[in-house]
Amino acid sequence: MSKELTPKDIIYEFDIENMDARETLDPMPQYLDVIKNIKTAMSIDKEGFNVYLIDDFSKESLKDITECVDKIFQNNSKPKDICYVLYEDEKSPKPIIVSNGGGNRLKDIIEGLQDEYLECTFQFYNNSSNKEKEGIQEGIQKKRNELIGGLIDIAKDRGFDIKSTNSGFTFIPLSKGKEMSENEYDTLDKERKEEILATAKMLKEKAKDTLEKLKEFEVIDLEKIKQIMGIYYKNEMSQIKDDFKDMFIEDEVVVEYIDIVCSSIETRLIDNYSMNYDDDEEQINEIIYKYIVNVIVDNSNNKVPPVIFEQDPNLTNLIGNIEYENHKGVYSTNVGFIRSGSLIKANEGCLIIRINSLISNPLAYNQLKKSLLTEKVDVGANSNHYETISLNTLKPEPISIKTKIILIGDYETYDLLYNYDEDFKKIFTIKAECNPVQNIDNNLKNSLVCGINKICLENNFKSLTNGAIREVARIMSKRVESKKKVYYDKHEIKKLLILASNKVESENRAEINENDIIAVGYTKDIMEKEILNHYTEKKMLIDVTNSKIGQVNGLSVIDTGYFTFGKPIKITCCCYKGVGNVIDVQQESNLSGSIHSKSINILKGYMSNINGGFSRLPVDFHVSFEQIYGKIDGDSASVAEIISMLSALSKVPVKQNIAITGSVNQFGEVQPIGGVNHKIEGFFAACKALDTIKGKGVLIPLSNAEDLVLNGEVEQEIKNENFHIYTMTSIDDAIQVLMGDSDQNFESLMLIISKELKKYSSRK
């Protein structure tokens, strides 16, 4: 049975005046289930328990998620630091995970040890007061002087001078006590030259024997000094090493590494010892300063595990990389050039990534999957992908990680990845879904008011009146087409508040009122204004007065994704002798979508049954959406189409002051439709532009009555009884409201149709 809705049925209510502020407040009602799922994922220390969050991405939602995860981590232990260090192989650095803040301490300690070893070594070479060492050195020097002195005496006796070089000794013939010049040598006779050459050869053999003896002697004595050197390091460095190791009582791996570094430095310094510091200095520095500590993750300022959002998850930002430096065209690197990515930085914590950004970097996506499956990150993997020339690069050992991942994306992407990527379903076993559509209750009202106040406080916006808050709620309820629900989206709310606050500031007012929210929340697009002009200029023909046969005012919605508004359309029908076919102009012109085509077939079934279904109707129906030149889809005009066909068949006119929207099944039952608010407001605007809103109205499915969230102007005209909203549950209700007199019903209309059908049947 048709019913006209009262203002009480229609007016949007959002009472916050009597709200009990003491009630329990849930600041993020849209994330209740999300929080539970994230808590579950973060508490399971097993691979694969990562989260795919279905949510619209915004700065506000990211902030909420980050705060949520931060709270979950509050009771967790401090995150550890990660370092890359060298052992023996300079090309294969290894990771060390140390306690919070220990990375830079280890770096400082190693550098301190290196400086101590350098000073200690210098002192041993130059200033040691060890009598045994000094005695051995003096013995070596004495023996060296004796052997070389003897060689010099022999050379002089034979008329040669001797000079020491890096490769040994050089013998130069003398002439009159001075070095013989080349000219002098050239003037000598052959015999004298041969004599000089023979003597030089003999002296070289003598020098070789001398050096061998000296070397044998020095090797034995140097071994004695090296033993002393080992004892020296033990005495001088033991306490220093112990003090440094005491700083890492909790980190056995660090204590072990310090021992390895110290032992390696001492062993190599002792092996390199040759008594002369100047000769050994370069090698000493190389030995001592070989060991580099690269702190790639410093958590010293993090008291809880980090929560990181990776804005650009390319391979470098996600995994890390190895950098190079150019020295005159030669590229080189070392352990100090290893850089960590966000996957490593978020170790023990959580990394948040947008799926759209991730899948646009397929290399990064594949490496992320590999890292999560193995629980290891290979920093060197990046070099394999991007090196254009062959470089003598590092091969760092992969780092073990315990990083939880939250991917933010939509349903479609989740569905694709789950069904077509075997690894994805193993890695992201927990699906969480944000539910922005929330029932209006006191808790929701509290949350919304507190959320709005928080946004205003954080952004230094003007405060809102209760009426302004109500209008914000109205707009968010309209988004979900329900007066009992709101679309709780902080990003959309913030956008409204920014625009309203800017308006108020420009007008130098103290607070935001409901008119400010209305002004920024209900702006008309140029296309909407142009379409209204088409009605007033008679470019779009539509009648909102009188009654017409076979003509109905239907309602459509134009939705571009970035703006939406309702547009009245004229639906017409003509009848002529036929076999019961329904010819849809849009379908015949390839301007019909699949859903609309389905609705036409449903209409055929319904119309075929109006005379009992035992014989075909002797008439065809020609249905058209007038002045519609684009593609039509949807079934919300099916009730209007039936009314136009019944009117055309019965010759009973249809009221033009009432527009209609609704879907129908084959049994004549009216079904709900979408966009009901935009459709009502669209017809209201058209009536206002063409004539007057008095006596006008809209007929909608009863099931859409709870979806009404209309703007204030429409509500006011309904209060003034100028505009009307009727409901229906069946075609019979539609007939009562739209066709003939007030006592018109389905049965009486069928009697009229039966008489008309006889006319078609009798015609040849």
Options N321, N356; residue that is surrounded by fewer than 22 Cβ atoms within 10 Å (Cβ to Cβ) and assigned to a strand (DSSP E or B): N321
Selection count, segment 13-29, where residues are at pLDDT 70 or above and either under 18 Å from I430 (Cβ atoms) or of a type in the set (A, V, I, L, M, F, W, C) (or both): 3
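Table: residues versus (1) surrounded by fewer than 16 Cβ atoms within 10 Å (Cβ to Cβ); (2) free of Cβ contacts under 8 Å to residues at least 24 places away in the same chain; (3) not in a loop (DSSP other than H, G, I, E, B).
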| position | (1), (2), (3) |
| --- | --- |
| D186 | yes, yes, yes |
| A198 | yes, yes, yes |
| A207 | no, no, yes |
| D221 | no, no, yes |
| G230 | yes, no, yes |
| N235 | yes, yes, yes |
| Q239 | yes, yes, yes |
| V254 | no, no, yes |
The conditions are (1) of a type in the set (S, T, N, Q); (2) at pLDDT below 90; (3) outside any loop (DSSP other than H, G, I, E, B), and T413 fails exactly one of them. Which is it? (2)
Take segment 661-720 and flag every residue that is closer than 23 Å to I571 by Cα, among the hydrophobic types (A, V, I, L, M, F, W, C) and assigned to a helix (DSSP H, G or I). V676, I680, F683, F684, A685, A686, C687, A689, L690, L702
Is it the case that some residue within segment 106-127 is of a type in the set (V, I, T), modelled with pLDDT of 70 or more and surrounded by fewer than 18 Cβ atoms within 10 Å (Cβ to Cβ)? no
Which condition from (1) under 38 Å from the mean Cα position of the chain (by Cα); (2) more than 22 Å from S340 (Cα to Cα); (3) in a loop (DSSP other than H, G, I, E, B) is the one that E88 breaks? (1)
Would you call G674 in the same structural domain as I549 (by TED's automatic domain parsing), crowded, with 19+ Cβ neighbours inside 10 Å and either of a type in the set (D, E, K, R) or under 30 Å from I440 (Cβ atoms) (or both)? no
Output the residues belonging to segment 554-586 that are closer than 30 Å to K478 by Cα and of a type in the set (A, V, I, L, M, F, W, C). L555, V557, I558, F563, F565, I569, I571
Mind listing just one residue for me: the one in segment 465-489 that is part of a strand (DSSP E or B) and over 15 Å from N446 (Cβ atoms) and, of those, nearest to the chain's Cα centre (by Cα)? Y487
Subset of segment 362-388, residues modelled with pLDDT of 85 or more, assigned to a helix (DSSP H, G or I) and crowded, with 20+ Cβ neighbours inside 10 Å, comes to A364, Y365, Q367, L368, S371, L372
All positions within segment 49-76 that are part of a helix (DSSP H, G or I), among the acidic types (D, E) and surrounded by fewer than 16 Cβ atoms within 10 Å (Cβ to Cβ): E67, D70
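To keep it simple, each residue is scored yes or no on (1) at pLDDT below 90; (2) assigned by TED's automatic domain parsing to the domain that holds E325.
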{"residue": "P396", "(1), (2)": "no, yes"}
{"residue": "I399", "(1), (2)": "no, yes"}
{"residue": "G409", "(1), (2)": "no, yes"}
{"residue": "K445", "(1), (2)": "yes, no"}
{"residue": "C456", "(1), (2)": "no, no"}
{"residue": "K484", "(1), (2)": "no, no"}
List the number of the failed condition for K46; all other conditions in (1) at pLDDT 75 or above; (2) surrounded by 15 or more Cβ atoms within 10 Å (Cβ to Cβ) hold. (2)
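The values are calculated or read from the model by the stated rules, or taken from the named source; none is laboratory data. Since we're looking at a predicted model, the values are computed, not measured. Because the Cβ atoms are built from the backbone with ideal geometry, glycine has one as well, and the counts that use them run over all protein chains shown.
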